Amino acid sequence: MEFNTIIEPFRIHSVASIAMTTQSQREKFIADVGYNLFSLHSDDVLIDFLTDSGTGAMSRNQWAAIQRGDESYAGSPSWLTFKAAVQNLFPFKHVIPTHQGRAAEKILFTAIGGAGKVIPSNTHFDTTRANIEYSQAEAVDLVIAEGRDPASLHPFKGNMDLVALETFINARGIENIPVVMMTITNNSGGGQPVSLENLKAVSAMCKKYSIPFFLDACRFAENAWFIREREVGQSERQVVDIVREIAALADGMTMSAKKDPLGNIGGWLALNDDGLAAICRNLLILTEGFPTYGGLAGRDLEALAVGLSEVVSHDYLKYRIRSTAYLGNALAQMGIPVVQPIGAHAVYIDAKTLLPHIPALHYPGQSLAIELYKIGGIRGCEIGSVMFGRKPDGSELPATMELVRLAIPRRTYTQSHIDYVIEVCEEVLKRAPSFRGYRITQEPASLRHFTSEFAPL
Ligand code: F0G
């Protein structure tokens, strides 16, 4: 018989202590750093949901592999192990190792971006967009309309709007579109998956117009699990087979190995085109390192090779998706508005709806994130007008959504941690009408959410 409780499919092998703090201590800690959660000492955080990137726990097999790491400058066996593990899932001809995802993006868009070029995606992640724009090219998001509606229950809210993509290609001209990207899962759109059917359709359209198709595949295993669970005809398939089918639809990929590959650091760029690969390898040597280690140590390459074999486990993915849904559904049930359906790597709270008395430019998301920390020591991340409100011309406009992301590190917290978070959220909900807005007292020229300071209104 099948039981309801999905247990963590692992035992704890090594632990990191959490220092217990009180609300009054936390009120002082957060005031001391100008109410910016990025400026906290992480020892003063009880449950760190700032990001799922590089914050996961490695398995004992990964730690054992670290010991096997061979640090030869060129041609290390650790490189060959890593390359084989990548190509086992993503059989692209060329694999170019980088220290993290944005380094792969920087190399790719230095090679193919530039003034006059325009790059569509379902939704570009911030660093992808920033690297495209830094090359003087334009980044355009063409996710389906449901993907912009927090309440829509569409099973694949990360899908590309195919009509919009074709119109876009015809309007802008194939000569100006060096690549079409797809982010799986769609992080900036609430961690929503893309269907296999949609990936096939985008791939076919790219072939029709002879435009290369690249994946930003950080959360590929979580996306493949959603395909298995939600897409007609996929429920009997192995996740590895779904992943290989997705890879076969594309001409290349960028990867942050700090997510699904279960690493604390790492990334890669992979592709089939020999000429483009040669250009990218030269850029790699310039900025990251020799092509057989890139931005990584041999031991990192070994840990990632093992991580890639572990993340496609059905037991792991079933637990991963269910534990995030457990948190998201509990919040929804008590009346906290969250982005639906619940994604895999994070729960996104809709602060605009929860705190209707705080105007957008008094930063309801920031207010909620601060209260989650003060009340329960939980660190989330505002994704709203603090992050997106300042425009390049210096004006300030409200963001489309005021969200707080609770991103869940992989294999790091147990169900009792999640139960604690749920209890804190009950208290947050009770006190919500008393939360106040904030004003910014100090802000940098760009990417202000990282270093701005705030004062309560
Ligand atoms: N693409 C996506 C979809 C991402 O979510 C990230 C990072 C990157 C690329 C860049 O990778 O950090 O290794 O350079 N996302 C993290 C987050 C930072 O918190 O969502 P990186």
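The values are calculated or read from the model by the stated rules, or taken from the named source; none is laboratory data. None of these values were measured; they are calculated from a predicted model. Note that we place each Cβ from the backbone using ideal geometry, even for glycine, and neighbour counts take in every protein chain shown. All accessible areas refer to the heavy atoms of the entire protein, side chains included, with ligands and DNA or RNA removed. Shrake-Rupley method; radii C 1.70, N 1.55, O 1.52, S 1.80 Å.
Summary of values
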read-out	value
Net charge dipole size for region 60-310 [Lys, Arg +1 and Asp, Glu -1 on Cβ; Debye, nearest 20]	240
Selection of GluC sites (Glu not before Pro), region 1-82, meeting DSSP coil and at most 13 other Cβ within 10 Å	Glu2, Glu71
Rounded to 10°, Cα long-axis angle of helix 415-431 versus longest principal axis of the chain	50
MRE, 222 nm, helices only [DSSP H, n ≥ 4, -39500 (n - 2.57), over the chain, to nearest 500]	-12500 deg cm²/dmol
Violating pairs (Cα-Cα greater than 25 angstrom) within the set Lys352/Lys391; Lys83/Lys157; Lys93/Lys200; Lys83/Lys106; Lys259/Lys430	Lys83/Lys157; Lys259/Lys430
Rounded to the nearest 20 debye, dipole of the chain from Cβ charges on Lys, Arg, Asp, Glu	140
Cα shape, region 60-310, gyration tensor, a/c 1.5 rule	oblate
The chain, accessible area per residue, ligands and nucleic acids excluded (1.4 Å, Å²)	42
Selection from Tyr363, Asn187, Pro341 lying farthest towards where the dipole of the chain points positive, charges on Cβ	Asn187
Loop-resident sites, region 349-414, for chymotrypsin sites (Phe, Trp or Tyr not before Pro), counting at most 11 other Cβ within 10 Å (DSSP)	none
C-alpha long axis of helix 314-334 to longest principal axis of the chain, angle in °	30
Folded to 0 to 90 degrees: helix 23-32 orientation relative to the chain principal axis, Cα	60
Cleavage-rule hits (trypsin sites (Lys or Arg not before Pro)) in region 1-88: DSSP loop, at most 13 neighbouring Cβ within 10 angstrom	Arg11
Whole-percent carbon and sulfur share, accessible surface of the chain, 1.4 Å	54
Region 121-177 and region 197-272: distance between their alpha carbon centers, rounded to Å	16
